[in-house]
Each structure stands twice: as C-alpha cells, then as structure tokens.
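Here, each number is a calculation from the coordinates, and none is a lab measurement. Nothing here was measured: the structure is a model prediction, and the numbers come from that model. We place every Cβ from the backbone using ideal geometry, glycine too, and count neighbours over all the protein chains shown.
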Amino acid sequence: MPSMIPGLERPAPVPNELTKPFWDACNEQRLVLQNCTACNRLHYPPAQKCSQCGAADKFIWKAVQGKGHIDVYFVIRDSRIRGFRSAQPINFAVITLDEDPGINFLSNLPGTPPGKVPVGAAVELMFEQTSSGQMVPEWRAI
Amino acid sequence: MANSTNWMRDREGLGLWEHRGKVAVVGWGQSHIDRRWDGVTMDRSCGGLTKEACLKAIADAGLSPDDIDGLITSPDTRAEQTWAPRPYFAPPYDTEDGITKCSAQWIQKQLGLPNVKYLKSDAPYIGPMMGLAAQAVGDGLCKTALVWYPMVNLEGRYGHNNPQNNKNEAPGPSAFTLPWGYQSGAMFNNLVVFQQYCKRYGKSHDGLAPLCINLRRNGLRTPWSYYALHEPYLITREDYLTARTIEEPLVIHDCDRPVNTCAAFIFTTAERAKDLRQKPVYVLNHCQNNNRGRSSMATLDEHQEACSSLARKMWQGSGLTAKDVDIFNPYDGYLTFTQQFLEGFEWHGVKHGEAHDFYAGDIRVEGPHPFMSSGGNNGTGRTRACLFSDSLEQLRGTAGARQVTVRAETALAGCNTPDSCGFMMFSKHPN
C-alpha cells in the first residue's frame, strides 16, 4: 500500500551491510536501533562505531517503543525531489524518541494536514511503503 | 601540511597559529557576474571568468605571472550538472574543465604560469580553501599562491537537475533522509535548527527581514555585484514578508541567488608582501568545523556548541577576542543560520536568542554595528567570496560606499554552515 499522503512517491531506501537489519525490521513493522552495550547509547541512523565511547564491535540491535513527540516542522512547498513535487505542500517534521530525545526521526506526518501540525504533540509509530516495497518508519499524531 | 585534512585547525587546544601574521593576502580579483552562463559566450564561461578574476588578482597585487608558484582551487562550483551530453567547443573548452570547473592545470596552461610548483585542484569549498591556502604558504609549499573560487550556474532550475533528486532509490546515508523529502545541502537541517531557535526564544521568521533588507542595501553598494549590475533596487519589508515561499516559512529572499562568476585571491609570505602594490592584509588564524549531529537532524544545541567551539578555536589561534573584531562577514547562504555565527562569536556582545533584536537595530555600514558590510551572498549573489573580499577592502579602506565608519583593523570571515565551515581572521597588522 503506497503512502497515505496523496501523490507522494517516496524514494526507496537501499539497504547495505550496515543498515540491512534496520530495514529488514521495518519490513516486519518493527523499529530497532543500534545500541552500544559498552556505554548504553542508542544510535540512529546506524553508525560504524559508537559516537560516545568509540567502540566498534559492541552494537546490538534493540527494539524500541514507537512513541515520540513532534519537535518542530516546516512545510515543503517547492521540493527539488521528484517524488515530492506531486505531493506538496507536505509537512516535514522532526520527531524526538521518548526513550531517548537525543534520537530524532524525520516524518511527513501522514494524516496531519500541511501546516496544521500540533507542535509538542505525542506521535506513534507506523510504517509506509516506498516505491520498491521497502517499508519506512513514519509517525502520526495521537 | 596542506596535502591532507591534517592541515585543518578543527580541534580546540592547538594554541596560537604557528604562522600567525606571517602570511598575507595581497591581491584580489573579481570577474564579471551573470545570473547564468548563456552557453555561447566563452569569456563568460567558467574558464573565461576564472581567467579574468585571476589576471585581476595578479595585477591588483602588482605581481607578474612569473611570481606565482602555487595554484589552489576547489571543484565545489555548485554546477550540479555537467555540460555533457551537449557538444563541447573548440579547445580549451573541449571538456568539463573550463566549462563547469576550472582546474589548476587548466589555469596554469591558459595563463602561462612558468614557475608553479604546487597545484591543488581538489581543495574544499571556499571557507576551508582559504585556510588551506594560508597554511600552504605558511608551511612553505609555495611562496605566492593564486587561489580562485568559481561559481557556475547553467540553465535550468537549481537542484532539479541533480541526479540524486530524480531517482526512485535512496542509497547510502540518503536512505535515512531522502524518503521523507530531505534535500541535501544546507537548507533543510538549518531550517529545522531555525525553527528550534524560534521555539526556544519566542522568535519568528519576520525577525530576519531587517537583515535581508540591509544585505541588499550593502550589495547595491558593491559595484560588481549581481544586484548592482542587473537588478539595482532595494527590497522592502513588505517585499520580504510577501515573497514566494520555498519551504514555509523560508522565502526566496532567504536563499542566496545562484550566479555565474569567479573570485581570486593572492596569498604570499609577510616578507614578500612588504614591497607589493597593496598594503598587506595579514592572516592571524584560520579554523574549521567538521561536525555532525548525533541523529537524523543536527539540533540547535549542537549548532550552538559548534559555533561556540569555532569561536574558541579562533580566539586561541589568533590571540584576539570578540571585542577585537571590527568587521564580521559570516555566511548567509540561507539567512536562517547567519544568526548562529553572530551569537556564537558574540560579535558586539550578541548572545543566544538576541540576534533578531540586533538585526532590528542599526546594522547599516555607516552605523555603529555594520554587520556583514559585504552585503553577503544575499546582497551580491552567491559568490561566497564576497565575505572575504569585503573584509580585505574594509581593511584596505577601499570599500567605497560600503566603507564602515567604525574602526576597521581586523576582519573575520567564513563559510559555510555552523557544523561545516572554515573561518579566517584578517588584520592590518601582523601582530
């Protein structure tokens, strides 16, 4: 099922060796992040080594709760990206993860009209399909 | 040494720059400026304009081509596309070199520079490139360096011809940004940070209007600028507030306008500078930021810390403090991030959350707080070099209608963004 947002054709993420576990989990509608077991720090997007302690071989993939809040947003009205030109105006929001607000995600807030974004509101995780069928995490206001 | 990124002064605790006051800028040349290349007029091509700028810089310094022994440039010309598959032209315009870039080898051959021993065509964008040039001269890789920065603008809508923006796939790091409409470049993340700034300090987008209006005013006082030559009129607050929206609240006047042009500079040793045509403008320090945020988007906290760290590096390396800086020309490619530099360096005492109030005061060149006397990229067209050339002119006392009335003995200039930039401290005096 394509995006809930009319006209949107999201470019499809291309997994690589580092990111495949993340994208595979998305296809199972699960959100997993790298966690450094040496210093207990979450990482998103995936990294080769821990940005806090520098460990390169201490990562495990940890399932996180899909709960967050809307930090800020703006409205895309003149996108350079082909798959978004047919969907604009479209929200572009930053979501902080409740489990660790230092982790943030991008979102187009499916279901929220452009420019009618409740900044500070709680959001919950959902997934949307991209052009290749690969699922990506999205967030909707609750 | 300037052969790798090890030359960068991107860490705190390095102390005074080892070449402080021993390197000087002695020449500057600015080519003609157009909105785009017409695809026909060869002396207005990247190569043609680069030759013009380089010859002007050499003449400005009172040097001859035989004096140049270093050539430094950047491939970061922002063309976003190649000339191909369209037919090329007769030599020397028979490849991309001369059309969408202009390498050291191309200029060496076209200008007939017989004594060049150091060539670097892969320098970073202009902020760190200027630092690299100063470091190369200081380190003795060359004695007199010709340094140029072309900006190329071909026909077509900017960014729409970037291949990455027209694919169905998002490879590599873009897999975590492109599917949500994030555009590479400085616009998106810095607009996020701007929105965080407004939220934290209770500010809004219209607080940028006085800055935008004044930049155009200064740009019109720059005889070679795009706006002075092609659109010689001021803009009003109403113009700004009703301008076409790009990414709401960002409007077209927040975005510097791509142009087709080139600027060139001559760096040499302080010793060699003594008997040249221009009074030397000495380099007291250069420093860089190469940071990355923790997560998808860098945050206001991270950008504020990046700018504070940049300032500490600049003070440590130059031996100056904020109150010593007379001229300040930070990057304004998008007006949303200029305030981060103003507050990070605390120029004229401006602290976090105070930039918009500062903009609403007297920032005219004839006033007490002549912020961005260059007119910036918003006021002159996106040359990026205007930040540096205005700094030179102010210290030389040759800025004409832009000449500030306050003291002009030191100048701080740099670009690009808070987390990725290179800045340089200039002085009329070597110490």
Partner shielding of B:291-301, as the mean number of partner chain Cβ atoms within 10 Å, equals 5
Out of all Cα-Cα pairs in region A:20-141, roughly what percent, to the nearest whole number, are more than 23 Å apart? 37 percent
How long are the semi-axes of the equivalent ellipsoid of region B:220-326, defined as square roots of 5 times the Cα gyration tensor eigenvalues? Whole Å, largest first. 33, 27, 13
Round to a whole angstrom and tell me the spacing of the C-alpha centers of region B:147-167 and region B:397-430. 28 Å
Exercise: per-residue mean of other protein chain Cβ atoms within 10 Å, B:157-164: 2
In units of 2.2 N^0.38 Å, what is the alpha-carbon radius of gyration of region A:24-83? 1.49
Computed over the protein assembly as shown, the convex hull of the Cα set has an average projected area, in nm², of 25.0 nm²
Could you pull out every one of the lysines with an alpha carbon less than 29 Å from that of A:K20, ignoring same-chain neighbours closer than 8 positions? A:K49, A:K58, A:K62, A:K67, B:K167
For chain B, report the translational diffusion coefficient in µm²/s to the nearest whole number, using Stokes-Einstein at 10 °C, 1.306 mPa s, and a Kirkwood Rh over Cα pairs. 73 µm²/s
From the C-alpha coordinates alone, can you work out the Kirkwood hydrodynamic radius of region B:52-199, in Å? 18.0 Å
For region B:157-304, what log10 I(q)/I(0) values come out of the Debye formula at q = 0.08, 0.09 1/Å, with one point per alpha carbon and no solvent? -0.38, -0.48
For A:K62 and B:R157, what is the calculated FRET efficiency with R₀ set at 41 Å and r taken between the beta-carbons, to the nearest 0.05? 0.45
Given the C-alpha centroids of region B:192-238 and region B:99-137, what is the distance between them in whole angstrom? 32 Å
Excluding residues on the same chain fewer than 8 positions from B:K117, give the lysines whose Cα lies under 25 Å from its Cα. B:K22, B:K51, B:K56, B:K101, B:K109, B:K143, B:K274
Two-site label geometry, B:N168 and B:E271: point separation in nm, points 7 Å out along Cα→Cβ: 6.5 nm
Set the Förster distance to 22 Å, then compute FRET efficiency between B:E238 and A:V119 from the Cβ-Cβ distance, nearest 0.05. 0.20
